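To start, the structure under review is shown below, and the notes come after it.
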Amino acid sequence: MESKTKLSKFNIFLYDYNIIFNTLTGYAIKVTDEQMRKLSKGEIPEELKEIIEEGFSEQEFDIDKFIVNKKYLEPTLVLTYDCNFDCVYCFQKKFRNKNRVKDEVVRGFINYIKKNSNGRKVRVTYFGGEPLLELKRIEEISKELKGEVDYSFSVVTNGSLLTPYVLDKLLYLGLSHVQITLDGPKEVHDKRRYFVDGRGSFDIIVENLKYAQDRTNVVLRINIDVNNLDEIGKLLKILKEEGITKVRLDPHLVHENTFRHEYWHNTLSKENEGKVLVKFWETARELGFEIPQEVFRLGICVAHIDEDIVVDPLGNIYPCWAFTGNPLYIKGKLKEDGSIEWINNKLLGIKARYIWKGRCDNCPYLPMCIGGCRFFAVLDENNFNNINCKKSNYEEIVKLIKYFI
């Protein structure tokens, strides 16, 4: 007997592995050849009825439901545009300056959080430049908020200043996560991510990583382009040899930027991005690193959520981290009392999260993509509100689900 339940349009059929994955619910199931044959025709075997109805049956993608039910307020503060590094591909280099966060912006940020937390947990991200140049500001804000709201924070840092002393201080203040970057073995990394005086940074970052990984959640970002692609496997082996195995790997493909062009001939072909990422994760897995489930996450990001403000040292608010420093993409101003003046409605998240409607409604990858990255839409389409389709990437990445079944 066969059910009349209708299958979801967000089901991905991976015929090579007899796996079905639903991009909306995150459910995945391995089936027999016969079950796959029936399901691919829309027929639901009786023995799978319950699991299919729960995770693979028809339901609409309601992005508002996810945002309204969001349990956290997650604002970001760019503490400074200054940095102690001079990385070759830095997207902020065009806007690099010595600006440190103003007193009135700090007060506005604190007031904003107090006004908008509404009993929810607050997860602040401190960004830069190099945010640890402004350690005293992190201390100031954290002490103010810890007694007022359910507060924790993360830091996006190059890792050079994250000494054991600094890490312990941050943990006391509420640190829960830290993102640090390594781009390859020492000889590769030091040619890409170096101090402003030209010194390499690999050794000090590795030592700081060893201490940090045992005390907090570490995301290890690896920026990849044509110059280090073939060295990533060597880096992962070095990490394993050094005992740095408790980190969550986060590969990122170096991309163009809106105002800088001198480095972008080194970026990877967009047609090969998906294959590069799959190869990265398979290499990492062979070496004992975990593939995080975040690779299959819903595509909702800060650009879709206006309350998760991204504020720079001058109080300018941007759609996301990637736009920070670019005056063309200021969407609002944070005031000292914690209120916001929206100045560019075209950049609002409430608009960005619907740009897929009428264009991507029936794409099975919609929940993972939501019309694509707003920053890439500007780079590739020269329009914040255009679709930026990465379907070919997702077609490769979803194959990694086989390692979770």
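Of all residues in the range 271-283, none are open to solvent by less than 60 Å² (accessible area, probe 1.4 Å), in contact with a Gly (Cβ under 8 Å, 6 or more places away or on another chain), assigned to a helix (DSSP H, G or I) and farther than 30 Å from F10 by Cβ.
Conditions (1) of a type outside the set (F, W, Y); (2) under 20 Å from the mean Cα position of the chain (by Cα); (3) not in a loop (DSSP other than H, G, I, E, B), marked per residue:
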| site | (1), (2), (3) |
| --- | --- |
| L328 | yes, no, yes |
| E336 | yes, no, no |
| G358 | yes, no, no |
| D361 | yes, no, no |
| F376 | no, yes, yes |
| D380 | yes, yes, yes |
| N388 | yes, yes, no |
| E396 | yes, yes, yes |
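Looking across the range 83-100, the residues that are crowded, with 19+ Cβ neighbours inside 10 Å and either closer than 13 Å to E256 by Cα or touching a helix residue (DSSP H, G or I) at 6+ places or on another chain (Cβ under 6 Å) (or both) come down to Y89, F91, Q92. Could you look through the range 151-174, keep only residues that are more than 23 Å from I204 (Cα to Cα) and open to solvent by 20 Å² or more (accessible area, probe 1.4 Å), and pick out the one that is farthest from the chain's Cα centre (by Cα)? Ranking the qualifying residues of the range 151-174, first place goes to Y151.
Whenever a residue of the range 139-152 is touching a residue at least 60 places away in the same chain (Cβ under 8 Å) and among the charged types (D, E, K, R), it has no partner that is in a loop (DSSP other than H, G, I, E, B) and open to solvent by 30 Å² or more (accessible area, probe 1.4 Å) lying with C-beta atoms less than 8 angstrom away and at least six residues away or across chains.
Residue-by-condition table, conditions (1) over 30 Å from N116 (Cβ atoms); (2) surrounded by 14 or more Cβ atoms within 10 Å (Cβ to Cβ); (3) within 21 Å of the chain's Cα centre (by Cα); (4) at pLDDT 95 or above:
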{"residue": "T5", "(1), (2), (3), (4)": "yes, yes, no, no"}
{"residue": "N18", "(1), (2), (3), (4)": "yes, yes, no, yes"}
{"residue": "M36", "(1), (2), (3), (4)": "yes, yes, no, yes"}
{"residue": "I63", "(1), (2), (3), (4)": "no, yes, yes, no"}
{"residue": "N69", "(1), (2), (3), (4)": "no, no, yes, no"}
{"residue": "V78", "(1), (2), (3), (4)": "no, yes, yes, yes"}
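Here K390 does not fit the description of being open to solvent by 60 Å² or more (accessible area, probe 1.4 Å) and within 30 Å of Y126 (Cβ to Cβ). Anything in the range 205-228 that is surrounded by fewer than 17 Cβ atoms within 10 Å (Cβ to Cβ) and not basic (K, R)? List them, or say none. Across the range 205-228, the qualifying residues are E207, Y211, D214, N217, V226. Each residue in the range 123-150 was checked for being open to solvent by less than 30 Å² (accessible area, probe 1.4 Å) and either farther than 23 Å from L220 by Cα or among the acidic types (D, E) (or both), and 6 of them qualify.
Flag: K357 does not match the condition of being among the basic types (K, R) and either open to solvent by less than 40 Å² (accessible area, probe 1.4 Å) or within 29 Å of R107 (Cα to Cα) (or both).
The values are calculated or read from the model by the stated rules, or taken from the named source; none is laboratory data. No experiment lies behind these values; they were computed from the predicted model shown. Here Cβ is always computed from backbone atoms with ideal geometry, including for glycine, and neighbour counts include all displayed protein chains. Surface areas here come from the heavy atoms of the whole protein model, side chains and all, with no ligands, DNA or RNA. Shrake-Rupley method; radii C 1.70, N 1.55, O 1.52, S 1.80 Å.
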